[in-house]
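Computed from the coordinates by the stated procedures, all read-outs in this text should not be read as laboratory data. Since we're looking at a predicted model, the values are computed, not measured. Glycine also receives a Cβ, built like all others from the backbone with ideal geometry; neighbour counts cover every protein chain displayed.
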Amino acid sequence: MQGNEEQHRLRELEMEKLRQEKAAYARKSTSIRTRVIARSEGERSLLKKERELRKRFTETIKNDKKNAEVLYRYGFFLMDRGEYSKAIRRFEEALDVNDRRDCSFPLEKAQMLKAHMFIGFCAGQLLKQSLEKAESLNVEDTMFDYDLNVEGKSLEDVLQMLKKESEHYVAIINGEKRIISLNEYLQYKGGSKGKVLLISFVETDVTIKMGNYQAKKVPEQSSELLRYMLDMILKKGYVTYDDVRFDFGSTLSWDTLRRNVNRTYGYIDTKESVQKVFELSKGTFSEQHPQSYQLATTNYIIVFRQSTFLELDNF
């Protein structure tokens, strides 16, 4: 037992040393990129440190196969070097190892989330590179050399698939922030994902849609309030009348706000029922406090036209 504790202590010391070396490498790399004087000498020194770090990472992984943290950090290191395929593999390995009961160095919650996000980022970079390469080729000449129709897709079809997958959006799906592709967004928009409430800020007109029923356009003057209320609810679970009055700057009375919310943000599902985006929070009535709203469904997706939201500077 004592031997195991000593072994773990040594591994912890080794991991802390590796963390410090990686941080020092990142600082030195940033410094060299921003300096002009002695850049060539600094870059040679940086390459040497990079080789040493690679060796340290691979040795640590070889000696401790249950270490999720070192896999995650190595994935970040590879991503920073533009080695996206290798980085994806390390991030995926880190998540797999982290799920094991005997994981020696588990990931923090923030690292788990960022690992998934980094996988998406790296995949996006690979997709971008593939699209650039595909578009640099002469499609017509290539079709004379290869009959890709035998595989069920023409070369032009494959190129269009690639282009569609290269466009991404930020989505909040039942409280979870994700990047989705154009194809996935179109599936929600077309209703093939089932009876999901879709709130879309993608097109010029903001729309609310339930499943495969017809979309409802939100008036331009009401779209900013919709976005504000959703933002507040996603942050703290509800939005109060005071939030709308003092933070958003609305001059509407509580009764007028309630009427507008019911009329503007209600979605008519069928003749028998009405699906609303918002509902009064428990205990909220016209003459009682707190006067607040919450989401009326737990099965929803909110989509924004924004291709990047990751902050990759934090390790």
Explain nothing, just compute: Karplus ³J(HN,Hα) = 6.51 cos²θ - 1.76 cosθ + 1.60, θ = phi - 60°, for every residue of the range 237-243 in order, whole Hz, x for Gly and Pro. x, 7, 10, 9, 4, 5, 4
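Taking 0.36 nm per intervening residue step and subtracting the Cα-Cα distance, what contour gain separates GLU92 from SER130 on full extension? Please report the intermediate quantities before stating the final value.
Values: separation 38, 0.36 × 38 = 13.68 nm, distance 2.13 nm.
Roughly 11.5 nm would be gained on extension.
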Can you count the Lys pairs in the range 197-304 with C-alpha separation below 16 Å, eight or more apart or on different chains? 7
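Lys and Arg at +1, Asp and Glu at -1: add these up for the other residues within a Cβ distance under 11 Å of SER253 and post the number. Working shown, then result.
Details: positive: ARG245, ARG258, ARG259; negative: ASP255.
Neighbour charge sum, excluding SER253 itself: +2.
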State, to one decimal in nm, how far the label point of LYS195 lies from the label point of HIS116, with both points 7 Å from Cα in the Cβ direction. 2.6
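To the nearest 0.05, what FRET efficiency results for LEU252 and SER223 with a Förster distance of 22 Å applied to their C-beta separation? Write out the running numbers ahead of the final one.
Numbers: r = 16 Å, r/R0 = 0.71.
The computed FRET efficiency comes out at 0.90.
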Hey, if you put +1 on the Cβ of every Lys and Arg and -1 on every Asp and Glu Cβ in the range 197-304, which of SER222, SER253, ILE199 ends up farthest toward the positive end of that dipole? ILE199
Thinking of the range 197-304 as a set of Cα atoms, what percent of all their pairs are more than 22 Å apart? 27
Long pairs among LYS86/LYS114; LYS62/LYS109; LYS86/LYS177, criterion Cα-Cα beyond 22 Å: LYS62/LYS109; LYS86/LYS177
